[in-house]
Structures are given as structure tokens and as C-alpha cells.
1. Contact list please: Cβ distance under 7 Å, first residue in region 97-108 and under 13 Å from Ala53 (Cβ atoms), second residue among the acidic types (Asp, Glu), pairs at least six apart or on different chains.
2. Taking Asp152 as meeting all but one of (1) touching a Leu at 6+ places or on another chain (Cβ under 9 Å); (2) in a helix (DSSP H, G or I); (3) charged (D, E, K, R), write down the number of the exception.
3. If I ask for residues that are more than 14 Å from Gly135 (Cβ to Cβ) and assigned to a loop (DSSP other than H, G, I, E, B), which ones from region 54-97 would you list?
4. Can you tell me how many residues within region 71-82 are over 15 Å from the mean Cα position of the chain (by Cα) and either under 23 Å from Asp37 (Cβ atoms) or at pLDDT below 95 (or both)?
5. The conditions are (1) of a type in the set (A, V, I, L, M); (2) more than 22 Å from Thr17 (Cα to Cα); (3) within 12 Å of the chain's Cα centre (by Cα), and Ala165 fails exactly one of them. Which is it?
6. Looking only at region 133-165, count how many residues are of a type in the set (Asp, Glu) and in contact with an Asp or Glu (Cβ under 8 Å, 6 or more places away or on another chain).
7. Criterion first (of a type in the set (Asp, Glu), more than 16 Å from the chain's Cα centre (by Cα), in a helix (DSSP H, G or I) and surrounded by fewer than 18 Cβ atoms within 10 Å (Cβ to Cβ)) does Glu100 satisfy it?
Amino acid sequence: MNTSASVSYVEPWLRGTHADVPAVGRAVLHAFDLALDDITKWTEGLTDLEVHAQPLGLPAISFHLKHIARSTDRLLTYAEGGQISAEQLALLKSEQTGSETLAELLAEVETAFSNAADRVRVLAKADFNTFRGVGRKQLPTSIGGALVHAADHTQRHVGQVVTTAKVLKALRS
């Protein structure tokens, strides 16, 4: 069944946006755009209480939204050659708790992606093979590896948001 909404939707990678950014960086930005589109679509109509629920033992949508926003910041810190700060570590430890509204959680994701876009634009001009060490053990990756992981890690958690939102909506009836 084709609806006018589904016919008119164009995925971010086909919109011609971010054309000024080299291909890999552009793909990361499109992944963030798609993530925000999907998060917005699938959380629409959920209550603030539902986004903190753990239906069937699934992690709460609130966790995934905070994790998406905050892990994006951490992964880009590694891509830039830094290590996570005490503040970033404290935010990581608080991802499982809280009582934020859905609007607050969505705003955190939007802000994180907006901040990330500026950082990705800079990183997209770098040599993607440049070594980057992750964590105290300095596990090996590269600028390109960290950028691509930021995109795919985001998409995996968005998939979990979509699944949990569907479960929550199904349990209403």
C-alpha cells in the first residue's frame, strides 16, 4: 500500500544534503539525519512514562536516546584523538537512570547531532587511516573507523528504539 506520506519521504542520503562534505563524512551525517527521522517517527505518541518503561525486559527508550546522544560525543572524542573526560564518564554512568520527558530526550539527541555535525565536517577532511586509540587500553582504530562506528552504532540503537516503541504501542491494546 502506498500512501502519500511514504511516497513523498526521501531518505537523507538521497536528499542532496551535506554535498560540501567528503563522502565518508557525508554518510555519517546522513546516518545521523536518518536516525533523527526514525526516532521522531517511532516515538511519536509515546508518553513520558512509556519512554522509561522496560516492556518484556527490553532496555528503556530513554536509555537508548541518552546513549545515542552521549556515545556519539564519546566516539567523536576518540576520532579527534582525545580521551573521554570525567564529565563524559559521569554521563555514561547515568544513561540507565533519569526521569526526563520525551521532549527533553529528543532535544538531547538533536543537540548532540548538531554538535556532532560540526565535528564530523572537520574530521571528514582528515586522513581516515590515522591511528586513534580508544580507552585506557588504547585499543586500535582510526579516524575513519571511529566515524563509521559512530554511524553504525547510532543506527543499531535506533533499531532498538523502533522495536521497543512498537512493543509499547502493541501492549496498549
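The values are calculated or read from the model by the stated rules, or taken from the named source; none is laboratory data. In this text the structure is predicted, and so the values were computed from the model without any measurement. Note that we place each Cβ from the backbone using ideal geometry, even for glycine, and neighbour counts take in every protein chain shown.
1. Within 7 Å, the pairs are Leu102/Asp48.
2. Checking Asp152 against (1) touching a Leu at 6+ places or on another chain (Cβ under 9 Å); (2) in a helix (DSSP H, G or I); (3) charged (D, E, K, R), the one that fails is (1).
3. Step one: of region 54-97, the residues more than 14 Å from Gly135 (Cβ to Cβ) are 54-70, 72-73, 76, 80, 86-87, 90-91, 93-97.
Residues satisfying the conditions are Gln54, Leu58, Pro59, Ala60, Glu80, Ser94, Glu95, Gln96, Thr97.
4. To start, the set of residues in region 71-82 that are over 15 Å from the mean Cα position of the chain (by Cα) comprises 78-82.
Filter again for either under 23 Å from Asp37 (Cβ atoms) or at pLDDT below 95 (or both), leaving none.
Number satisfying all stated conditions: 0.
5. (3)
6. Here is the first cut: in region 133-165, the ones of a type in the set (Asp, Glu) are 152.
If we keep only those that are in contact with an Asp or Glu (Cβ under 8 Å, 6 or more places away or on another chain) too, we end up with none.
Looking only at that region, the number is 0.
7. Details: of a type in the set (Asp, Glu): yes; more than 16 Å from the chain's Cα centre (by Cα): yes; in a helix (DSSP H, G or I): no; surrounded by fewer than 18 Cβ atoms within 10 Å (Cβ to Cβ): yes.
Spelling it out, it is not the case that Glu100 is of a type in the set (Asp, Glu), more than 16 Å from the chain's Cα centre (by Cα), in a helix (DSSP H, G or I) and surrounded by fewer than 18 Cβ atoms within 10 Å (Cβ to Cβ).
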